[in-house]
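The values are calculated or read from the model by the stated rules, or taken from the named source; none is laboratory data. Quick caveat: nothing in here was measured; it's all calculated off a predicted structure. Every residue, glycine among them, receives a Cβ derived from its backbone with ideal geometry; neighbour counts consider all protein chains shown.
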């Protein structure tokens, strides 16, 4: 193995080939569920160096694990335990190459941190709408590789919808220069969409050209209490009718998820949660004025209260109050982690089926595991729920995970399939769901995916064992 370490050092310099204990930050997944062992971590500083690294690994018969901010939720960006894989960290590829104001696009390296990208375009009067809880550490390449969603999909779409072009290093070390800012290009197969969501198994994204939008004149945030998921869905329908494209966020949170924030982050001062089974967080972006936005949002909420959909509501009166409401939503994941180990689900369903899914699955879990606690929250506006399962209060967390995870996953995923949903909405498949996928994916689609993987990466150099197995 010293030969490949020497060869990699020749490409990126010895200081950028990390070995031994220094690899530890790159070897444990974000949820602290698994830890691997890297042969080394290599940190290229250019696309050409990435291409040379891929060719080097292919020549030595060593596989690569691409890694951005290491925020994968499905164990998709760390090495296996055998100490035989190279972690390809893209953190040094962090340049914003160009902001094209006339074309409303930004071209940036894959290692650019999402928050830094947001800030750079805001300084030019633009909005880059992808927004995630991990935006301070996740990277553009990782967002593209998992087709990340976030809180504004209801208006702007997933990362796939924001992307116009890619630069990709293929499994044989060639570079596809596809950084087009074109919104129309009907010249054959859409290679861009092939690599987005592939989790680094078909090619390594090194840069991308992304859409930008005019920054809104104002954004208003409202918080409303509702009696049921059914009422939350009806409120979403009404919001779409009244606010149209101005509706840029619509989140739903159940009472138990908010109780965890109240317990572990009391400074957040969670409103209305004690008397409401569910709360909704919505955002209106307005291109006219704050007065216009406030009038529209307050009229919507008044109508919702009259229709019996909303019991009570507040509209944020300041930026600080709005930020606190969004932090409550973002802190659910952290609060759940402090409560103990849990079983996470990142699922999507037709919005029209969500209420029935929740009624069915809530009842089934309560029947099978008395005392189980459900942390149900997520992006209702686009049908994406984080339907997580916390153990009963008298059961040790680790024991619950070991004895019940397989049964809980089967129960939840079977229900997702019954209601025509997907077992992964925005987190991807990684290695965590790779063995479950064949049960829930159309067999023809799965066969095509395997054939694409074999065609583009016949040696299995790129992130093997993720998304699909041979």
Could you check, for the range 189-197, whether at least one of its residues is on the phi > 0 side of the Ramachandran plot and without any contact (Cβ under 8 Å) to a residue 24 or more places away in the chain? no
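Restricting attention to the range 181-225, report how many residues are farther than 30 Å from residue 314 by Cβ and assigned to a loop (DSSP other than H, G, I, E, B).
Matching residues across the range 181-225 total 18.
Tell me whether the range 42-56 contains one or more residues that are under 25 Å from residue 174 (Cβ atoms), assigned to a strand (DSSP E or B) and in contact (Cβ under 8 Å) with a residue 40 or more places away in the chain.
yes
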Could you list all residues from the range 1-14 that are under 16 Å from residue 91 (Cα atoms) and free of Cβ contacts under 8 Å to residues at least 12 places away in the same chain? 13
Among the residues of the range 276-302, how many are over 19 Å from residue 248 (Cα atoms), surrounded by fewer than 15 Cβ atoms within 10 Å (Cβ to Cβ) and touching a helix residue (DSSP H, G or I) at 6+ places or on another chain (Cβ under 9 Å)? 0
The listed residue being buried (at least 21 other Cβ atoms within 10 Å of the Cβ) and within 28 Å of residue 333 (Cα to Cα), out of 157, 150: 150
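Determine, yes or no, whether residue 270 is buried (at least 17 other Cβ atoms within 10 Å of the Cβ), assigned to a loop (DSSP other than H, G, I, E, B) and either modelled with pLDDT of 95 or more or under 22 Å from the mean Cα position of the chain (by Cα) (or both).
Working: buried (at least 17 other Cβ atoms within 10 Å of the Cβ): yes; assigned to a loop (DSSP other than H, G, I, E, B): yes; either modelled with pLDDT of 95 or more or under 22 Å from the mean Cα position of the chain (by Cα) (or both): yes.
Answer is yes for this residue.
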Subset of the range 287-315, residues at pLDDT 95 or above and assigned to a loop (DSSP other than H, G, I, E, B), comes to 307, 308, 309, 310, 311
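Can you say whether residue 190 is under 25 Å from the mean Cα position of the chain (by Cα) and at pLDDT below 95, as far as the supplied structure shows?
Yes; evaluated as a whole, the condition is true for this residue.
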Picking from 175, 261, the residue that is over 22 Å from the mean Cα position of the chain (by Cα) and buried (at least 17 other Cβ atoms within 10 Å of the Cβ) would be 175
Over the range 58-75, the set of residues assigned to a loop (DSSP other than H, G, I, E, B) and in contact with a strand residue (DSSP E or B) (Cβ under 9 Å, 6 or more places away or on another chain) is 62, 63, 68, 69, 70, 71, 73, 74
Of the residues in the range 15-31, those that are without any contact (Cβ under 8 Å) to a residue 24 or more places away in the chain and either in the same structural domain as residue 139 (by TED's automatic domain parsing) or in a loop (DSSP other than H, G, I, E, B) (or both) come to 19
Pick from the range 446-470, criterion more than 21 Å from residue 345 (Cβ to Cβ) and under 23 Å from the mean Cα position of the chain (by Cα), ranking: surrounded by the fewest Cβ atoms within 10 Å (Cβ to Cβ): 469
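Return a yes/no flag: does the range 226-240 have any residue that is in a strand (DSSP E or B) and either surrounded by 24 or more Cβ atoms within 10 Å (Cβ to Cβ) or within 22 Å of the chain's Cα centre (by Cα) (or both).
yes
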Quick check on this structure: which one of 54, 50 is within 25 Å of the chain's Cα centre (by Cα), modelled with pLDDT of 95 or more, within 24 Å of residue 458 (Cβ to Cβ) and buried (at least 19 other Cβ atoms within 10 Å of the Cβ)? 50
